[in-house]
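For reference, the structure is listed below as structure tokens.
The values are calculated or read from the model by the stated rules, or taken from the named source; none is laboratory data. Model, not experiment: these values are computed from the prediction. Positions of Cβ are backbone-derived with ideal geometry, glycine not excepted, and every protein chain shown enters the neighbour counts.
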Amino acid sequence: MVDDFIIGRHVYGNMYGINPETLWDEEFLRKTVMEAVEAAGATLHELRSWKIEGEKGGVSVIALVLESHISIHTWPGYRYATVDVYTCGETADPWKGFELILKKLNPAFYTVHYSDRSSLPPDVIEKLEKKE
């Protein structure tokens, strides 16, 4: 059956020139990740966060969603954050989650990447196996 394969979409990027106060605000970042979960149409399983003090410290927030995960890792001293939105399945949309985080963090500059993390459909796998 051609429809029987894993759909995985991974949107990730780097955000630069963010207000350091925003990047130290653990509660704001937790709320932002929760809103990204909703925007992506994902289903929250657990939300965790950590604040690491020091010059190279920052905040990490990770939402484990039934579809995979959404995370933000910050380095306030560098005005920098990384964002990762990975969803599996046909209904969740990682682009919407990434765009929500982008809007909330309001970086001066950012990069974004996309990776198709889907498995091959069974008919393609069968064709590959026949070539061996």
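Go through the residues of the range 26-43 one by one and say whether even a single one is in a loop (DSSP other than H, G, I, E, B), within 15 Å of the chain's Cα centre (by Cα) and either modelled with pLDDT under 95 or surrounded by 17 or more Cβ atoms within 10 Å (Cβ to Cβ) (or both). Yes: one or more hits. The number of residues in the range 68-97 being touching a strand residue (DSSP E or B) at 6+ places or on another chain (Cβ under 6 Å), in a helix (DSSP H, G or I) and within 18 Å of ASN19 (Cα to Cα) comes to 1.
Quick one: in the range 48-106, of everything that is at pLDDT below 95 and in contact with a helix residue (DSSP H, G or I) (Cβ under 7 Å, 6 or more places away or on another chain), which residue is surrounded by the fewest Cβ atoms within 10 Å (Cβ to Cβ)? The selected residue is GLU55. Could you check the range 5-21 and list, in sequence order, the residues that are closer than 22 Å to PRO94 by Cβ and either among the acidic types (Asp, Glu) or not in a loop (DSSP other than H, G, I, E, B) (or both)? If the condition is that a residue be closer than 22 Å to PRO94 by Cβ and either among the acidic types (Asp, Glu) or not in a loop (DSSP other than H, G, I, E, B) (or both), then GLY8, ARG9, HIS10, VAL11, TYR12, GLY13, ASN14, MET15, TYR16 are the ones that fit. The number of residues in the range 53-67 being closer than 15 Å to THR22 by Cα and either touching a Lys or Arg at 6+ places or on another chain (Cβ under 6 Å) or not in a loop (DSSP other than H, G, I, E, B) (or both) comes to 4. Restricting attention to the range 49-72, the residues that are within 30 Å of GLU90 (Cα to Cα) and out of contact with any His (no Cβ under 7 Å at 6 or more places or on another chain) add up to 8. Here the condition is being of a type in the set (Lys, Arg), within 13 Å of the chain's Cα centre (by Cα) and closer than 30 Å to ASP4 by Cβ; of LYS131, LYS127, LYS96, it holds for LYS96 alone.
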